[in-house]
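Engineer: Below you will find the structure I want to go over with you.
The values are calculated or read from the model by the stated rules, or taken from the named source; none is laboratory data. Keep in mind that what you see is a predicted model, and the values were worked out from it rather than measured. Cβ atoms come from the backbone with ideal geometry, glycine included; neighbour counts cover every protein chain shown. We work out accessible area using only protein heavy atoms, side chains counted, and drop any ligands, DNA or RNA first. Shrake-Rupley method; radii C 1.70, N 1.55, O 1.52, S 1.80 Å.
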Amino acid sequence: MQMIPIGDTSLNVRIEGTGPPLLLVHGFPLDHTMWEAQVAEFSRDHQVIAPDLRGFGASELGSEPYSIGRLADDLAAVLDALHVTQPVVLCALSMGGYVAWQFWDRYANRLEKLVLCDTRAAADSPDAAQGRRDTAARVLTDGVGELVAGMVPKLFADPTLERTPDLVQSVRHVMESTDPRSVAAALRAMAARPNMESRLPEIAVPTLLVCGELDVITPVAEMRRVASAMPNGLFVEIAGAGHMAPAEQAIEVNRAIRRFLEPASSEMG
Ligand code: MLT
């Protein structure tokens, strides 16, 4: 792990392996540890860079304002600090996907490919945005307990909740350990994020869209629509997985990512 100073804050970043850069961007309210299985697999032949976004994991929150665009700027600053000039494969989950859209908007020339897991292009409806702002206010007064209790059953498919309690517990622990100020800041930032639906036809970078069959937060039908609106979008559904597909069905997700990154060699193999 490295603490990387960037402007007003320092980010905790896991860096493993050598090869083409693969940047892993976690969801809300999580940290880089959700990518354990992807770090293990892809660090064999990639430089895997898995930051904790500002305020999450061991990264510092830094100064206001907190926005999804700023999180995208942070990723570019991490790449600069690591002297990564080669375009990256950016693989992101959910809130990480919102950051990925903004990274594309600001730094398209730094992207080789996108892998977007269990995320959406639409903005929040006015009601959903207000709900997030209300939750942010509650988290600041009462802590993250209620949010975590409500979110855990939605993050995982029922079979995952039943069969892999250790995975569920470790994710719950990360969520419970997150600073309420960071949770509130990210909730407000997500509520204010731009709608990317009308931009999808412009996003020509090859993009793999991965969605758990049983994801109740970002349903399969919505991600299929996103994929079909993108000129080079490829959709893969992961059987038996929920919103945390890369952790719940890591072998299947890793296989889909490899096939997308190395189409020729997987066809031969
Ligand atoms: C996430 O997993 O990052 C969140 O569910 C995203 C969201 O709340 O929209």
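Engineer: Restricting attention to the range 59-90, which residues are without any contact (Cβ under 8 Å) to a residue 12 or more places away in the chain and among the hydroxyl-bearing types (Ser, Thr, Tyr)?
Structural biologist: Thr85
Engineer: Restricting to the range 171-203, count the residues that are open to solvent by 60 Å² or more (accessible area, probe 1.4 Å) and farther than 30 Å from Arg110 by Cα.
Structural biologist: Qualifying residue count for the region: 5.
Engineer: Kindly list, by first and then second residue, each pair from a residue in the range 112-127 that is over 18 Å from Gly212 (Cα atoms) and among the basic types (Lys, Arg) to a residue that is outside any helix (DSSP H, G or I) and open to solvent by 10 Å² or more (accessible area, probe 1.4 Å), limited to pairs with Cβ atoms under 7 Å and residues at least 6 apart or on different chains.
Structural biologist: What qualifies is Lys113/Val89; Lys113/Val205; Lys113/Pro206.
Engineer: On to the next question. Test Leu61 against the stated conditions and say whether it is farther than 24 Å from Val253 by Cα and open to solvent by less than 40 Å² (accessible area, probe 1.4 Å). Spell out how you get there, then give the answer.
Structural biologist: Details: farther than 24 Å from Val253 by Cα: yes; open to solvent by less than 40 Å² (accessible area, probe 1.4 Å): yes.
Spelling it out, Leu61 is indeed farther than 24 Å from Val253 by Cα and open to solvent by less than 40 Å² (accessible area, probe 1.4 Å).
Engineer: Restricted to the range 113-141, and to residues that are charged (D, E, K, R) and open to solvent by 10 Å² or more (accessible area, probe 1.4 Å), which residue is nearest to Phe260 (Cα to Cα)?
Structural biologist: Within the range 113-141, the first condition is being charged (D, E, K, R), and the residues that meet it are 113, 118, 120, 124, 127, 132-134, 138.
When the remaining residues are screened for being open to solvent by 10 Å² or more (accessible area, probe 1.4 Å), the result is 113, 120, 124, 127, 132-134, 138.
Values: Lys113: 9, Arg120: 20, Asp124: 30, Asp127: 37, Arg132: 34, Arg133: 37, Asp134: 40, Arg138: 42 Å.
The residue in question is Lys113.
Engineer: Next question. Can you spot a residue in the range 6-22 that is within 16 Å of the ligand (Cβ to nearest atom) and open to solvent by less than 10 Å² (accessible area, probe 1.4 Å)?
Structural biologist: Within the range 6-22, not a single residue is within 16 Å of the ligand (Cβ to nearest atom) and open to solvent by less than 10 Å² (accessible area, probe 1.4 Å).
Engineer: Moving on to the next point. Filter the range 1-47 down to residues that are part of a loop (DSSP other than H, G, I, E, B) and out of contact with any Leu (no Cβ under 7 Å at 6 or more places or on another chain), then give me how many there are. Walk me through it before giving the result.
Structural biologist: Step one: list which residues in the range 1-47 are part of a loop (DSSP other than H, G, I, E, B), which gives 1, 7-8, 17-20, 26-31, 43-46.
With the extra rule that they be out of contact with any Leu (no Cβ under 7 Å at 6 or more places or on another chain), the set shrinks to 1, 7-8, 17-20, 28-31, 43-45.
Residues meeting the conditions: 14.
Engineer: If you scan the range 23-58, which residues turn out to be free of Cβ contacts under 8 Å to residues at least 60 places away in the same chain and away from the ligand (no atom under 16 Å from the Cβ)?
Structural biologist: Correct list: Val39, Ala40, Ser43, Arg44, Asp45, His46, Gln47, Val48, Ile49, Ala58.
Engineer: Here is a further query. Considering only residues that are touching a residue at least 40 places away in the same chain (Cβ under 8 Å) and out of contact with any helix residue (DSSP H, G or I) (no Cβ under 6 Å at 6 or more places or on another chain), look in the range 214-224 and name the one that is nearest to Asp124 (Cα to Cα).
Structural biologist: Of the residues in the range 214-224, the ones touching a residue at least 40 places away in the same chain (Cβ under 8 Å) are 214-218, 222-223.
Narrowing further to those that are out of contact with any helix residue (DSSP H, G or I) (no Cβ under 6 Å at 6 or more places or on another chain): 214-215, 218, 222-223.
Details: Leu214: 21, Asp215: 18, Thr218: 12, Glu222: 14, Met223: 15 Å.
Filtering first and then ranking leaves Thr218.
Engineer: Let me ask something else. Determine the pairs where a residue that is near the ligand (Cβ under 10 Å from one of its atoms), located within the range 91-111, has a partner that is open to solvent by 10 Å² or more (accessible area, probe 1.4 Å) and assigned to a helix (DSSP H, G or I) with Cβ atoms under 8 Å apart, the partner being 6 or more residues away or on another chain.
Structural biologist: Taking only residues 6 or more apart or on different chains, the pairs are Leu93/Met34.
Engineer: Here is a follow-up. Would you pick out the residues in the range 5-22 that are farther than 29 Å from Gly143 by Cβ and free of Cβ contacts under 8 Å to residues at least 60 places away in the same chain?
Structural biologist: Across the range 5-22, the qualifying residues are Glu16, Gly17, Thr18, Gly19.
Residues are listed down the side, and each one gets a yes or a no for (1) in contact (Cβ under 8 Å) with a residue 24 or more places away in the chain; (2) under 17 Å from the mean Cα position of the chain (by Cα); (3) part of a loop (DSSP other than H, G, I, E, B):
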{"position": "Val183", "(1), (2), (3)": "yes, yes, no"}
{"position": "Leu200", "(1), (2), (3)": "yes, no, no"}
{"position": "Val226", "(1), (2), (3)": "yes, yes, no"}
{"position": "Leu234", "(1), (2), (3)": "yes, no, no"}
{"position": "Glu252", "(1), (2), (3)": "no, no, no"}
{"position": "Arg259", "(1), (2), (3)": "no, no, no"}
